[in-house]
1. Scan segment 1-57 residue by residue and report those that are without any contact (Cβ under 8 Å) to a residue 60 or more places away in the chain and aromatic (Phe, Trp, Tyr).
2. When the residues of segment 58-91 are narrowed to those that are in contact (Cβ under 8 Å) with a residue 40 or more places away in the chain and of a type in the set (Gly, Ala, Ser), which ends up farthest from Ile163 (Cα to Cα)?
3. How many of the residues making up segment 49-72 are on the phi > 0 side of the Ramachandran plot and polar (S, T, N, Q)?
4. Note down all Cβ pairs under 8 Å where the first residue falls in segment 147-161 and is touching a residue at least 24 places away in the same chain (Cβ under 8 Å), the second is of a type in the set (Val, Ile, Thr), and they're at least six residues apart or on different chains.
5. Kindly check whether there is at least one residue in segment 148-156 that is over 14 Å from Ala34 (Cβ atoms), at pLDDT 95 or above, part of a strand (DSSP E or B) and open to solvent by less than 70 Å² (accessible area, probe 1.4 Å).
6. List the pairs whose first member sits in segment 92-111 and is of a type in the set (Val, Ile, Thr), whose second member is outside any loop (DSSP other than H, G, I, E, B) and crowded, with 18+ Cβ neighbours inside 10 Å, and whose Cβ atoms are under 6 Å apart, counting only residues at least 6 apart or on separate chains?
Amino acid sequence: MPDRFGSFEGLSEHFEEGRDFEISSVEVKGGRVAILAPHGGKIEKGTSEIAIRVAQKDYSLYLFEGKMATDNRDLHVTSHRFFEKRGDALLAHCEFALGIHGRADRHDPNTLYLGGRDAELVELLRSHLLTAGFGAITQGHPFPAQERTNICNRCTSGGGAQIELPLTLRLRLLNDGAEMNCLVGAIRGALCARLIGEPDNLS
């Protein structure tokens, strides 16, 4: 489904912050990582919750969250066109960024689609997720996130990563604390390995 708006500016001419959507930006001073949910709240259900759990108090966090009773899909602006000043300011201070997104099941309700321009981080995510028992692929899906303007790639290194979680999996995670902890642990493990430059020995 095409986006109703091609930019945050266009969206903000029709919808009001505090009523229709909320923006949260929390910077960890001196931190190298930003966790992003640019389609959070009711736009892509569960992505805010996952992003918050991944970030905890260790990583900077940015959320754009739909709050309307209906039609929150109207607030979706695709990641390579989503420019918003608080998110941009946060990314200007972070070396790495990870976008948490939701996708339709597309006849595959379990596999996480990984993309982004930081090939090392993407591969670490794949390895850690597979080791934790999740399906994860880096190729052969429609969300490669290779655009330089993709929000996950606008960190100071010029390359980040993106995770697309299917709806069925997101709903299950919201109702299964153990599985959520497993997913979050795998993602945080991959981020930690990337930060310390640990080689990927998990495949």
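The values are calculated or read from the model by the stated rules, or taken from the named source; none is laboratory data. Computed from a prediction, not measured in an experiment: that's the story for all the values here. Here the Cβ is made from the backbone with ideal geometry for all residues, glycine too, and neighbour counts use every protein chain on show. Heads up: the accessible areas ignore ligands, DNA and RNA and are worked out on the full protein's heavy atoms, side chains in. Shrake-Rupley method; radii C 1.70, N 1.55, O 1.52, S 1.80 Å.
1. Phe21
2. In this case the residue turns out to be Ala89.
3. 1
4. Close Cβ pairs satisfying both conditions: Ala161/Val122.
5. Looking only at segment 148-156, we keep the residues that are over 14 Å from Ala34 (Cβ atoms), and these are 148-149.
Imposing the further condition that a residue be at pLDDT 95 or above reduces the set to 148-149.
So of that shortlist, the ones also part of a strand (DSSP E or B) come out as none.
No, because not a single residue in segment 148-156 is over 14 Å from Ala34 (Cβ atoms), at pLDDT 95 or above, part of a strand (DSSP E or B) and open to solvent by less than 70 Å² (accessible area, probe 1.4 Å).
6. Here the result reads Ile100/Ala37; Ile100/Thr47; Ile100/Ile50; Ile100/Ala51; Ile100/Ile163, each pair linking segment 92-111 to a residue that is outside any loop (DSSP other than H, G, I, E, B) and crowded, with 18+ Cβ neighbours inside 10 Å.
Residue by residue, here is whether (1) of a type outside the set (A, V, I, L, M, F, W, C); (2) under 19 Å from Gln56 (Cβ atoms) holds:
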site: Ala119; (1), (2): no, no
site: Ser127; (1), (2): yes, no
site: Ala136; (1), (2): no, no
site: Arg148; (1), (2): yes, no
site: Leu165; (1), (2): no, yes
site: Gly185; (1), (2): yes, yes
site: Gly189; (1), (2): yes, yes
site: Ala193; (1), (2): no, yes
